[in-house]
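Asks: Below is the structure I would like to discuss, written out as structure tokens.
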């Protein structure tokens, strides 16, 4: 792994930890956290419609725009539920990025903005 890749992954790991620490400070249920932490990955069912639709569905739930706006709206309105859901969502995205999972390209699930995940195309070993 290149040094810059390691730094970027470390940054995302820090974002994940911060989101989880803030979540803990809200007093929200850890059962809610456990129930929702993998919810954005349900978007992978979009791949049943092909790589283009799959990438659109996956990316729609794996970009920070919506959860950050939800966090802001929750803060401004005083909605503890919105804040909790937003922090779980942000933690999920950050954990994915820290593990090297990026936004998907329409060419296939393994092709991401961070590079190809999984086996390399020329890797024929079992």
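Asks: Between 0 and 90 degrees, rounded to the nearest ten: what's the tilt of helix 80-98 against the longest Cα principal axis of the chain?
Replies: Between the helix axis and the principal axis of the chain, the angle is about 30 degrees.
Asks: What span do the alpha-carbon atoms of segment 18-81 cover on each of the three principal axes, reported in whole Å from largest to smallest?
Replies: Each principal axis gives a Cα extent; for segment 18-81 these are 40, 24, 18 Å.
Asks: Return the whole-Å distance between the Cα centroid of segment 52-79 and the Cα centroid of segment 12-43.
Replies: Result: 14 Å between the Cα centres.
Asks: Sort 90, 65, 56 by Cβ crowding within 10 Å, fewest neighbours at the top.
Replies: Numbers: 90 22, 65 8, 56 14.
Listed from fewest to most nearby Cβ atoms, that is 65, 56, 90.
Asks: Based on the Cβ-Cβ distance of residue 79 and residue 13, what FRET efficiency does E = 1/(1 + (r/R0)^6) give at R0 = 22 Å, to the nearest 0.05? Can you show the working numbers first?
Replies: Values: r = 28 Å, r/R0 = 1.26.
Approximately 0.20, to the nearest 0.05.
Asks: Then there's this: Over the alpha-carbon set of the chain, work out the extent along each principal axis and list the three values in angstrom, largest first.
Replies: 52, 36, 24
Readers should treat all values here as calculations from the given coordinates under stated rules, not as data from a laboratory. Quick caveat: nothing in here was measured; it's all calculated off a predicted structure. A quick note on method: Cβ atoms are made from the backbone with ideal geometry, for glycine too, and the neighbour counts reach across all protein chains shown.
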